[in-house]
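Working notes, structure below.
Please treat every number below as a calculation from the coordinates, not as lab data. Computed from a prediction, not measured in an experiment: that's the story for all the values here. As a convention, Cβ positions derive from the backbone with ideal geometry for all residues, glycine included, and neighbour counts pool all protein chains shown.
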Amino acid sequence: MAAILSTPIPAVLAMEWTDMCAWYDTAREIDRETWGLWRRDE
């Protein structure tokens, strides 16, 4: 997932748990919108 891999590790480690969960969900949405058609995600 490009959105997750492009985020610097120190930025992720500085997040609180709720922020990290929201960041992960947003990154999954971006990934799904970007690559979903190629992978046939629904």
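Quick look at the numbers
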read-out	value
Rounded FRET efficiency, nearest 0.05, which uses the C-beta distance separating Leu37 from Ser6 and R0 of 22 Å	0.60
Simple label model, 7 Å out from Cα along Cβ direction - Leu13 to Thr26, nm	2.1
